[in-house]
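Novice: Following this message is one structure expressed as structure tokens.
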Amino acid sequence: MLIVGLDGPSIPVGMLDPVETILFGGQPNQLSEKHVPYPLIERIHAATKLSAESTIPSLGQPQGSGRGEISLPPPVSTDRNFGDIVRARRSALDFRGGDESISLSQLATLLSSTKEPLFSDFATARFVHLYLYVHRVAGFEPGVYRFWPEHAELEKIKEGDQRLVAAALSLGQDLAGNACVAFSMIGDFENAARSYGDRGYRYVHFEAGAIGQRMYLAAEALGLGATGIGAFFDEEVNRYLGLSRELGQVVYHFAMGYPVSDPRLEA
């Protein structure tokens, strides 16, 4: 367990307007009558554990920085306070699709939230890189882009409508195509392993999760919705993006746009 002491003024408490209580009944179904072992997952867990005898090898070099041909505008600000944003943050169950689009400044704000250093003992280098499936961004051509955070630039990888592809790669989930933008997070496992040994496998996933949580909050601050997507076709994503093992492997999908209203998420 970890206890963290917080200093400074407390997060302001906002009084919620009284709303009608909605009770959801029902009986949960039992997914399985017995525990199903997954030996490969257990082996990965054991191989990536830290032990007192573990030594961290010399740090490897992360993938070289690059440039894109499209410069992003400065991020926009919000007058919403952090406490309100955190309390309102939800995972969207789907997105409205249609013709609704976000602005390029909103996209730049979301991406800017992922650039800041992570406050973690392993975060001496970045091992996760973002690829975007741009569906509906005002004044911006649909396609696949890579984000280069060092210069806040986008590099075009593929042209054309990516909605069906994004949904298909995300295990056939329509929400990845209904969103305004979907993401593939690509983990640089080769350099992570050189830096931290087998433990680097976990650190790549830690970093991807932290980036996702930042995008959740940024989307909420912009009045949008977001959701992480843990189900995708790994090899098909890698193949579609033209990734060799040295360039990385997909570890997480994400989507952002205008969420479908759902009363279960409004409590």
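The values are calculated or read from the model by the stated rules, or taken from the named source; none is laboratory data. Keep in mind that what you see is a predicted model, and the values were worked out from it rather than measured. Don't worry about glycine lacking a Cβ; one is built from the backbone with ideal geometry, like all the others, and counts go over all protein chains shown. To get the accessible areas, we keep the full protein, side chains included, count just its heavy atoms, and leave off ligands, DNA and RNA. Shrake-Rupley method; radii C 1.70, N 1.55, O 1.52, S 1.80 Å.
Novice: Please verify whether residue 125 is within 20 Å of residue 252 (Cα to Cα), more than 17 Å from the chain's Cα centre (by Cα) and open to solvent by less than 60 Å² (accessible area, probe 1.4 Å), treating the condition exactly as stated. Step through it out loud before you land on a result.
Specialist: Details: within 20 Å of residue 252 (Cα to Cα): yes; more than 17 Å from the chain's Cα centre (by Cα): yes; open to solvent by less than 60 Å² (accessible area, probe 1.4 Å): yes.
It is true that residue 125 is within 20 Å of residue 252 (Cα to Cα), more than 17 Å from the chain's Cα centre (by Cα) and open to solvent by less than 60 Å² (accessible area, probe 1.4 Å).
Novice: What pairs come out if I take residues in segment 227-245 that are farther than 30 Å from residue 89 by Cα and pair them with residues that are charged (D, E, K, R) and open to solvent by less than 50 Å² (accessible area, probe 1.4 Å) whose C-beta lies under 9 Å away, six or more apart or interchain?
Specialist: Note: pairs meeting the criteria are 241/146.
Novice: Pull up segment 169-207, narrow it to residues that are aliphatic (A, V, I, L, M), crowded, with 24+ Cβ neighbours inside 10 Å and closer than 24 Å to residue 42 by Cβ, then point me to the one that is farthest from the chain's Cα centre (by Cα).
Specialist: The selected residue is 192.
Novice: Picking from 22, 3, 11, which residue would you name as being under 27 Å from residue 206 (Cα atoms), open to solvent by 80 Å² or more (accessible area, probe 1.4 Å) and modelled with pLDDT under 80?
Specialist: Values: 22 fails: under 27 Å from residue 206 (Cα atoms); 3 fails: modelled with pLDDT under 80.
Checking each option against the conditions leaves just 11.
Novice: Here's a follow-up. Is it true that residue 164 is closer than 19 Å to residue 106 by Cβ, among the aliphatic types (A, V, I, L, M) and not in a loop (DSSP other than H, G, I, E, B)?
Specialist: Taking the combined requirement at face value, the residue does not satisfy it.
Novice: A follow-up question, please. Could you tell me which residue of segment 156-167 is surrounded by the fewest Cβ atoms within 10 Å (Cβ to Cβ), considering only residues that are aliphatic (A, V, I, L, M) and in contact (Cβ under 8 Å) with a residue 12 or more places away in the chain?
Specialist: Kept after step one, since they are aliphatic (A, V, I, L, M), are these residues of segment 156-167: 157, 164-167.
From what's left, in contact (Cβ under 8 Å) with a residue 12 or more places away in the chain: 157, 164-166.
On the way: 157: 16, 164: 11, 165: 19, 166: 31.
Selected residue: 164.
Novice: Right, something else. Applying the selection to segment 210-225, what residues are touching a residue at least 40 places away in the same chain (Cβ under 8 Å) and open to solvent by 30 Å² or more (accessible area, probe 1.4 Å)?
Specialist: Passing the criteria: 210, 214, 217, 220, 222.
Novice: Do we have residue 114 as outside any helix (DSSP H, G or I), hydroxyl-bearing (Ser, Thr, Tyr) and surrounded by 18 or more Cβ atoms within 10 Å (Cβ to Cβ) here?
Specialist: yes
Novice: Can you name the helices (runs of 4 or more DSSP H) wholly within segment 188-267 that have at least 3 residues being under 30 Å from residue 80 (Cα atoms)? Before you say what the answer is, go through the steps one by one.
Specialist: Numbers: elements: 189-196, 200-221, 234-240.
The qualifying helices (runs of 4 or more DSSP H) are 200-221.
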